[in-house]
Amino acid sequence: MSADPASEPALSVDYAVDGYWLREWHGPATVRVSPHGIRPISDAATPTAVRLPGVLLPGFRDAHVHLGLTEPRALVAGGLAAVDDLGGHPDRLREWAGDDAVPAVHYAAAFITAPGGYPSNRAWATTLAVAEVETGEQAMAAVAEQLAAGATFIKVALNSDDGPVIDDDTLSALVEHAHSRGAEVVAHVQGVGQAQRAFVAGADRLAHTPWTEKLSDALIAEMVQPNSRFLAGRHSWISTLDIHGYGQRGRDFATASDNLSRFHAAGGTVRYGTDLGNGDLPPGLNERELTALQDAGVRYDALLRALCLPGFGSTVSYLPTVPRADANLASWLMTATVVTARELLHPEFAASAARVAATNYGGDEAVSAATTPIPTAWRIDL
């Protein structure tokens, strides 16, 4: 028996949406969906397009997770389209990277650390993977091993508060070899002076906003400058503010928030990340992390740049309403769902989305009729 043609995915669909964001806000607009992906075709609602109430954003990415310490298949339902795993067993990570029920995965594989260094002394590390090195040659071999296991970047642990750390020569050899292979280096820095060591050695990202010391304004000013030593041309930080108190905040939170506020204000590149798997964190988008970023000054377009993938591709974040001018951006983002091009091509998607919007958000009453529906204040990157 042949399938009902009405239930078969279309070859392409044009949707008239209330707005979309790609580095800046647009709306109303028309986007075209095909098996090849999702792309805007007009900054106007074309007459033949199917009405889809709400807004499209690039998929949300958590740039610091540990899938081996959480339930990977819960994360898409939690609003995440992509994750960067910063320490895990490569065999499991390869499995999850090929699982359609798991967000798109890039990973670092094993933590590289000094013999007896963090996290080799932590009980949870037994379920992940740790490579201990003490010479440049060993560090280069560990980098090669992770890349051969499918890693797209390298994770090095520099935690002088919790054991030995590799020396400067070994760190430099690790970073230089990773860069020669086209892989960025992400550094866990903890303890006085470790953030500066990682930066001087050319580590591309800090896995956490530094929290064990207040960084000097002079060091932050150096960190935010474009520099060819880093593969992306810039050094960046992953936020992970909420791990300090899990909503209760405290001294470490205050130090990290102050460092992040000054880094962002100086022009530094910030990525949204939570260290998911570490403590009492929700399995998906974390409103407390988003709020902490806003409180540190990472707001509006800057918050979306920290959170979103660079483009639409074949997966987007769909929000069924346009926010009112007094809406809280973090709260509004929590209403997003991960939607694939295949789902958008289903002939019943728009009708289903309209019913959900009408039931949960009052339908079109929640959508501005203005030509540009996104609140003006949200367009200002403070």
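Taking R0 as 30 Å, what FRET efficiency do you get between LEU22 and SER180 from their Cβ-Cβ distance, rounded to the nearest 0.05? Show your work: numbers first, answer last.
Values: r = 33 Å, r/R0 = 1.10.
FRET efficiency, LEU22 to SER180: 0.35.
Using the Cα centre of the chain as the reference point, and only Cβ charges (+1 on K/R, -1 on D/E), how large is the resulting charge dipole? Debye, rounded to the nearest 20.
Dipole of the chain, to the nearest 20 debye: 700 debye.
Taking Cα atoms only, the orientation of helix 136-148 departs from the longest principal axis of the chain by about 20 degrees. Between amide H atoms placed 1.01 Å from N, distances below 5 Å from THR269 occur with TRP237, all of them 5 or more places distant or on a separate chain.
With contacts taken as Cα pairs under 8 Å at a separation of at least 6 residues, the chain carries a relative contact order of 21 percent. Any idea what angle helix 251-265 forms with the longest principal axis of the chain, computed on alpha-carbon atoms, 0 to 90 degrees, nearest 10? So the inclination is approximately 70 degrees. Calculate the FRET efficiency for ASP168 and TRP124 from the Cβ-Cβ distance with a Förster distance of 30 Å, rounded to the nearest 0.05. Computed FRET efficiency for ASP168 and TRP124: 0.60.
Close amide H pairs (under 5 Å, H built 1.01 Å from N) link ALA114 with VAL133, ILE166, residues at least 5 positions away or on another chain.
Note on the chain: GNM, Cα springs under 10 Å; of PRO40, PRO347, PRO58, the largest mean-square fluctuation is that of PRO347.
Taken as Cα centroids, the stretch 305-320 and the stretch 260-292 sit 17 Å apart, rounded to the nearest whole angstrom.
What does the charge add up to near ALA353, with Lys and Arg as +1, Asp and Glu as -1, over the other residues with Cβ less than 12 Å from its Cβ? Neighbour charge sum, excluding ALA353 itself: -1. Axis of helix 349-361 versus longest Cα principal axis of the chain: the two differ by about 80°, to the nearest ten degrees.
Compared with the alpha-carbon gap, the fully stretched path from ASP258 to ALA148 is longer by 35.7 nm at 0.36 nm per residue.
Each residue, ASP326 and SER12, gets one label point 7 Å from its Cα in the Cβ direction; the gap between the two is 4.4 nm.
Model label sites at ASN227 and GLU137, defined 7 Å from Cα along the beta-carbon direction, differ in position by 3.0 nm.
Separation of the stretch 96-169 and the stretch 205-237, taken as the distance between their Cα centroids, equals 21 angstrom.
Please compute the modelled spin-label separation between ALA218 and GLN294, points set 7 Å along Cα→Cβ, answer in nm with one decimal. The modelled label-to-label distance comes out at 3.7 nm.
What order, most packed first, do the peptides 222-233, 237-248 have when packing is the mean number of other Cβ atoms within 10 Å of each residue?
Details: 222-233: 14.4, 237-248: 22.2.
Ranked by mean Cβ neighbours within 10 Å, highest first: 237-248, 222-233.
For the stretch 316-322, backbone phi angles converted through the Karplus equation (6.51, -1.76, 1.60; θ = phi - 60°) give residue-by-residue couplings of 9, 9, 10, 10, x, 10, 8 Hz, Gly and Pro being listed as x.
Counting helices only, and only those DSSP H runs with n ≥ 4, report the 222 nm mean residue ellipticity of the chain as the sum of -39,500 (n - 2.57) divided by its residues, in deg cm²/dmol to the nearest 500.
Details: 11 runs with 103 residues, N = 382.
Calculated from helices alone, the mean residue ellipticity at 222 nm is -7500 deg cm²/dmol.
Solvent-accessible surface of the chain, taken per residue with a 1.4 Å probe and all protein chains present: 42 Å².
The values are calculated or read from the model by the stated rules, or taken from the named source; none is laboratory data. None of the values given here were measured: they were computed from a predicted structure. Every residue, glycine among them, receives a Cβ derived from its backbone with ideal geometry; neighbour counts consider all protein chains shown. The protein model used for the area step is the full one, side chains on, heavy atoms only, and it has no ligands, DNA or RNA in it. Shrake-Rupley method; radii C 1.70, N 1.55, O 1.52, S 1.80 Å.
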